[in-house]
Amino acid sequence: MTEIPNAKWITDFQQNLITWYDDVFRDLPWRETSDPYKIWVSEIMLQQTQVSKVIPYYENFISQFDTVKKLADADLEKVLK
């Protein structure tokens with residue numbers, strides 16, 4: 001049977017995770033927003049390729065379609081391009 005972690009273990013784990021994140025953090029455009037649409041767009045793009053390749057495509061896409069409404073109203077050919 002798996003042992004349930006105690007409060008100290010949880011606190012230590014949380015602190016270790018935060019420390020690790022601070023050490024490896026990358027400044028990425030989608031981390032500068034709390035807009036679910038922009039984060040969702042980044043997640044979809046990141047399924048297709050590497051982070052370094054996604055950044056310019058993400059920035060271009062968001063500059064053209066910065067809301068779901070603009071994306072929905074856009075010409076399909078423009079979106080696919």
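State which residue is farthest from Ala74 (Cα to Cα) when the search covers only the stretch 23-52 and only residues that are modelled with pLDDT under 95 and among the charged types (D, E, K, R). Looking at residues that are modelled with pLDDT under 95 and among the charged types (D, E, K, R), I get Arg26. Within the stretch 1-60, being assigned to a loop (DSSP other than H, G, I, E, B) and surrounded by 10 or more Cβ atoms within 10 Å (Cβ to Cβ) holds for Pro5, Leu28, Thr33, Asp35, Thr49.
Cβ-Cβ distances below 9 Å connect no pair with a first residue in the stretch 15-37 that is free of Cβ contacts under 8 Å to residues at least 12 places away in the same chain, a second residue that is among the β-branched types (Val, Ile, Thr) and open to solvent by 100 Å² or more (accessible area, probe 1.4 Å), and a separation of six or more residues or different chains. Look through the stretch 61-70, keep the residues that are touching a helix residue (DSSP H, G or I) at 6+ places or on another chain (Cβ under 8 Å) and of a type in the set (D, E, K, R), and return whichever of them is most open to solvent (accessible area, probe 1.4 Å). Per the criteria, the residue is Lys70.
The values are calculated or read from the model by the stated rules, or taken from the named source; none is laboratory data. A quick note: this is a predicted structure, and the numbers were derived from the prediction, not measured. With ideal geometry, Cβ positions are generated from the backbone for all residues, glycine too; neighbour counts draw on all protein chains shown. When the accessible area is computed, the model is the full protein with side chains, heavy atoms only, and any ligands, DNA or RNA have been set aside. Shrake-Rupley method; radii C 1.70, N 1.55, O 1.52, S 1.80 Å.
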